[in-house]
Amino acid sequence: MAAKEGQVCQIFSFQDIKATPDPLYELPGQCLTPSPAPIVIDNGSFQTRAGWATSAAELHTPRLLFRSVAARSRGAARSETQIGNDIPNLEPLRWLLKSQFDRNVVVNFEIQELMFDYVFTHLGVTSEGCVDHPIVVTEAPCNPLHCRQMMSELLFECYRVPHVSYGVDGLYSFYHNNNQRNLQLPQT
């Protein structure tokens, strides 16, 4: 349908976001004292965000923001796997992309382990075989108990984390953005 005379047509252009590899951060000193600061991981099916839960102003925003995908050629070694923003262009590798999610629930824990390795390495957690920080991870609403059990097994046995807390990202967002904070739970 052609525009009528006198009508103004607006044309919007969209540009693809170019992925740049994430930097390797050093572990900030305020994340160690007086006790190890929790690592917060928003484990989304499209995008993963990770950072520190500290009162330091420069650490309030997530340090890492990357796509929740991994690409590995068939028969390639584990070290040759590309994660998130390390994949420069998704189109040529689209048939190699793998995600840890199936319908918003983590089911592929090998890929999830690669994601955790990526997060811990890029946040500067370099302790060999052990992450001495508590972990806060988001999960889908009504996440099956089996999937949470497998995630806990991965975190406690593979990384030997001291504590894990799970939560729904929408509820975390509501709590953070609710200015009144007068929501009270019923007493039983």
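The values are calculated or read from the model by the stated rules, or taken from the named source; none is laboratory data. Keep in mind it's a predicted model, so treat the numbers as computed, not measured. Virtual Cβ from ideal backbone geometry, glycine too; neighbours counted across all protein chains shown.
If G6 meets every condition in (1) within 20 Å of the chain's Cα centre (by Cα); (2) on the phi > 0 side of the Ramachandran plot apart from one, which number is that one?
G6 satisfies every listed condition except (1).
Starting from region 41-58, take each residue that is assigned to a loop (DSSP other than H, G, I, E, B) and list its partners that are surrounded by fewer than 14 Cβ atoms within 10 Å (Cβ to Cβ) and modelled with pLDDT under 95, counting only C-beta distances under 8 angstrom and pairs at least six apart or across chains.
S45/N104
This table checks each residue for (1) touching a Phe, Trp or Tyr at 6+ places or on another chain (Cβ under 9 Å); (2) assigned to a helix (DSSP H, G or I).
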{"site": "W95", "(1), (2)": "no, yes"}
{"site": "E110", "(1), (2)": "no, yes"}
{"site": "Y118", "(1), (2)": "yes, yes"}
{"site": "H122", "(1), (2)": "yes, yes"}
{"site": "T126", "(1), (2)": "yes, no"}
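Taking only pairs six or more apart or across chains, which ones have beta-carbon atoms under 8 Å, a first residue in region 144-167 that is surrounded by 14 or more Cβ atoms within 10 Å (Cβ to Cβ), and a second residue that is of a type in the set (G, A, S)?
Y159/G129; V164/S152
Any residue that is touching a strand residue (DSSP E or B) at 6+ places or on another chain (Cβ under 6 Å) and over 21 Å from G51 (Cα atoms) - is there at least one of those in region 98-117?
Looking through region 98-117, at least one residue is touching a strand residue (DSSP E or B) at 6+ places or on another chain (Cβ under 6 Å) and over 21 Å from G51 (Cα atoms).
If you scan region 138-171, which residues turn out to be assigned to a helix (DSSP H, G or I), in contact with a strand residue (DSSP E or B) (Cβ under 7 Å, 6 or more places away or on another chain) and either modelled with pLDDT under 95 or under 18 Å from G51 (Cα atoms) (or both)?
L155, D169
Please work out which residue is farthest from E26 (Cα to Cα), limiting yourself to region 94-137 and to residues that are over 15 Å from the mean Cα position of the chain (by Cα) and touching a residue at least 60 places away in the same chain (Cβ under 8 Å).
P134
When region 1-49 is examined, which residues are found to be surrounded by 10 or more Cβ atoms within 10 Å (Cβ to Cβ) and hydrophobic (A, V, I, L, M, F, W, C)?
Once the filter is applied, which keeps residues that are surrounded by 10 or more Cβ atoms within 10 Å (Cβ to Cβ) and hydrophobic (A, V, I, L, M, F, W, C), region 1-49 yields A19, L24, L27, C31, L32, A37, I39, V40, I41, F46.
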